[in-house]
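Structure record follows, encoded as structure tokens.
The values are calculated or read from the model by the stated rules, or taken from the named source; none is laboratory data. Note that this is a predicted model, so its numbers are computed, not measured. Reconstructed Cβ throughout: ideal geometry from the backbone, glycine too, with neighbour counts over all protein chains shown. Each accessible area value is taken on the protein alone, full model and side chains, heavy atoms only, with ligands, DNA and RNA left out. Shrake-Rupley method; radii C 1.70, N 1.55, O 1.52, S 1.80 Å.
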Amino acid sequence: MPKIQNFKMYINGEWVDSSSGKKIQTLNPENNEVWASVPEANEKDVDKAVQSAQKAFENSWSILHPRDRAKYLRLIADQLRKNAEHLGKIETIDTGKIYRETKTQANYIAEYYDYFAGLADKVEGTVVPIDKPDMQVTTTRIPIGVVAAIIPWNSQMLLTAVKLAPALAMGNTVVIKASELAPVTLLEFAKLIEKTGIPKGVINIITGLGEPCGKALTTHNLVERIAFTGGPETAKHIVKNSAENLSQVSLELGGKSPVVVFEDADQENALNGITAGIFGASGQSCIAGSRLYLQNSIYDEFLNKLINKAKNIKLGSPMENDTQMGPLNSFKQLENIEKNIKATIEQGGKVRCGGERSSVSNKGYYFPATIIECENHNLPVAENELFGPILSVMKFNEEEEVIKQMNDNKYGLSSGVYTSNFARGHRVSNAIRAGIVFINTYRLISPMAPFGGIKDSGYGKEAGMESIKEYTRVKTTWYNSSNKPLKDPFTMG
Ligand code: NAD
């Protein structure tokens, strides 16, 4: 039995256990064994973290020149690049995501810190063309205060970067809550943060359960901004919690992203894009392209090619270099997928490949690439977010019809269009109600490209120039340039 590794939280620049001494154990999805334990933060620990962030906000960080704050962001980027392999390994053990991807991502995430470092000293104020004589009015962008960042278990380095980097650049301090399902990567990241010498309390990283830890953090009266990524049910709690402290909220939630292939599409390109979109990261991506619409005239031919490709995907240990799909993150996910597939089959869905737990290991949560033909997209697998490698396929005839079908879902995060007709690509991408559209490609991210959804996929964009303003408030300042005394104090105008 391998030894269980113990990790501590990072509060006010110190490594601490929870005040209750309680711990959360975390499993390795590859073999279902406990491999690490982390502190289970309670309300007292949350308060300590928020108080230290508030103190750092007032005493050091918010008054530091943006150029100097940017220096720390660049140091974080350097640390990420130097330690990408190590962080990747930890993330793979904790989440089951393949190492090829986690190490590449940890390295690329450095770009986000560099990008926001570059923006830090470029956010300017305005001079208002005011309608009053002798008055001058300016606006400046000021930091908000303590930011609570609530992170899910998947893509946690990325989802931390898009919150932490703009928040720090603009002078806010941050308390990050890692997911209880895979908490270790962020505690390892905290070790890199410590190496940068950033003032104590500016970044705090805690581990705990949704309740009480997440709730205590998002209701804390000193928290001014909540940046949340996770599922829609949790998001409803977050919004209710924010009523306690009236903090500003952004929500990056789930998706059931539609992808369409028209008869004129480059099929090889579409096959690769669709595979990346739904089978990359074993489908455990919020932008997974999980609803596929194929035009009638190419339906059988294209579907057969796709099935062939899916059957050849190598499922295996996430640490192995030739593995293409690792295990799912949790047993709960596996069970939810099975439940949805069963209900879909009962309602007429046809499993064309996969569909059952894999025999690759009798311990890990392995599920193969699965393709299910659905007569309509109201069948459970075609309607619900499954967070797994399950692709639902539907047939269509006309462009107008497929646009309606693509929009007929409560989510609106991502979408994909495959066509070689430029005008059609333009028309369809305009008509899709989603925050992101990929045309003849899929599953790309960049610090420069805003990311986020509409409808039940949430609100507030992350990444891109505008997102930095989400971590500021506008302050209006009036200057009186007259030497005459003010007029009648009992009128306003
Ligand atoms: P989750 O909603 O279960 O948990 C997310 C975080 O919220 C965790 O840290 C959890 O501890 C915390 N939490 C739970 N209850 C809370 C409460 N009452 N108050 C405060 N915090 C609470 O999500 P998950 O299972 O970790 O992640 C999967 C979900 O995240 C999927 O729906 C996926 O689509 C979504 N996601 C969205 C994006 C995006 O950018 N849009 C990216 C990745 C994941």
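Any residue at all in region 169-179 that is away from the ligand (no atom under 13 Å from the Cβ), among the β-branched types (Val, Ile, Thr), open to solvent by less than 20 Å² (accessible area, probe 1.4 Å) and under 17 Å from the mean Cα position of the chain (by Cα)? Yes, region 169-179 has at least one match.
At pLDDT 95 or above and away from the ligand (no atom under 16 Å from the Cβ), is that true of Asn269? I'd like the intermediate steps shown before the answer.
Working: at pLDDT 95 or above: yes; away from the ligand (no atom under 16 Å from the Cβ): yes.
In short, yes.
Condition (residue is within 16 Å of the ligand (Cβ to nearest atom) and modelled with pLDDT of 95 or more) applied to region 352-365: is it met by at least one residue?
no
Which residues, taken from region 387-407, are open to solvent by 10 Å² or more (accessible area, probe 1.4 Å) and in contact with an Asp or Glu (Cβ under 9 Å, 6 or more places away or on another chain)? First the steps, then the outcome.
At the first step, the residues of region 387-407 found to be open to solvent by 10 Å² or more (accessible area, probe 1.4 Å) are 387, 395, 397-401, 403-405, 407.
Scanning region 387-407 gives a single hit, Lys395.
Test Gly96 against the criterion of being among the small types (Gly, Ala, Ser) and open to solvent by less than 10 Å² (accessible area, probe 1.4 Å), and give yes or no. Taking the combined requirement at face value, the residue satisfies it. Within region 198-215, residues that are in the same structural domain as Asn42 (by TED's automatic domain parsing) and over 30 Å from Asp78 (Cα atoms) sit with their Cβ atoms under 6 Å from residues that are in a loop (DSSP other than H, G, I, E, B) and more than 9 Å from the ligand (Cβ to nearest atom), at 6+ positions apart or across chains, in these pairs: Pro212/Asn42; Cys213/Ala41.
Yes or no, residue by residue, for (1) within 28 Å of Lys236 (Cβ to Cβ); (2) of a type in the set (A, V, I, L, M, F, W, C); (3) open to solvent by 20 Å² or more (accessible area, probe 1.4 Å):
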position	(1), (2), (3)
Val137	no, yes, no
Thr140	no, no, yes
Leu159	yes, yes, no
Ala167	yes, yes, no
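If you go through region 209-259 and keep only what is assigned to a loop (DSSP other than H, G, I, E, B), near the ligand (Cβ under 7 Å from one of its atoms), crowded, with 24+ Cβ neighbours inside 10 Å and not hydrophobic (A, V, I, L, M, F, W, C), you end up with Gly230, Gly254, Gly255. Restricting Ile93, Ile142 to those that are modelled with pLDDT of 95 or more, more than 16 Å from the ligand (Cβ to nearest atom), in a strand (DSSP E or B) and among the β-branched types (Val, Ile, Thr) reduces the list to Ile142.
The single condition from (1) at pLDDT 95 or above; (2) surrounded by fewer than 17 Cβ atoms within 10 Å (Cβ to Cβ) that Phe331 fails is (1).
Would you say Lys342 is out of contact with any Cys (no Cβ under 7 Å at 6 or more places or on another chain) and modelled with pLDDT of 95 or more? Before the answer, list the steps.
Values: out of contact with any Cys (no Cβ under 7 Å at 6 or more places or on another chain): yes; modelled with pLDDT of 95 or more: yes.
In short, yes.
Taking the numbered list (1) farther than 20 Å from Gly388 by Cα; (2) open to solvent by less than 10 Å² (accessible area, probe 1.4 Å); (3) not assigned by TED's automatic domain parsing to the domain that holds Glu14 in turn, Arg291 passes all entries but (1). Going residue by residue through region 99-107, is there one that turns out to be assigned by TED's automatic domain parsing to the domain that holds Val146 and over 24 Å from the mean Cα position of the chain (by Cα)? Looking for residues that are assigned by TED's automatic domain parsing to the domain that holds Val146 and over 24 Å from the mean Cα position of the chain (by Cα), one finds none in region 99-107, hence no.
I'd like to know if region 39-48 contains one or more residues that are farther than 30 Å from Gly283 by Cβ and of a type in the set (A, V, I, L, M). Yes - at least one qualifying residue is present in region 39-48. Applying a threshold of 6 Å to beta carbon distances and a minimum spacing of six or more residues, or different chains, the list of pairs starting in region 60-75 at a residue that is open to solvent by less than 40 Å² (accessible area, probe 1.4 Å) and ending at one that is among the hydroxyl-bearing types (Ser, Thr, Tyr) and part of a helix (DSSP H, G or I) reads Leu73/Tyr113. Among the residues of region 420-449, the ones that are within 16 Å of the ligand (Cβ to nearest atom), free of Cβ contacts under 8 Å to residues at least 60 places away in the same chain and surrounded by 15 or more Cβ atoms within 10 Å (Cβ to Cβ) come to 3 in all.
Limited to region 189-208, what total is found for residues that are within 15 Å of the ligand (Cβ to nearest atom) and basic (Lys, Arg)? Summing the residues that are within 15 Å of the ligand (Cβ to nearest atom) and basic (Lys, Arg) in region 189-208 gives 0.
The residues of region 110-139 that are assigned to a helix (DSSP H, G or I), more than 16 Å from the ligand (Cβ to nearest atom) and in contact (Cβ under 8 Å) with a residue 40 or more places away in the chain, listed by number, are Glu111, Tyr113, Asp114, Tyr115, Phe116, Ala117, Gly118, Leu119.
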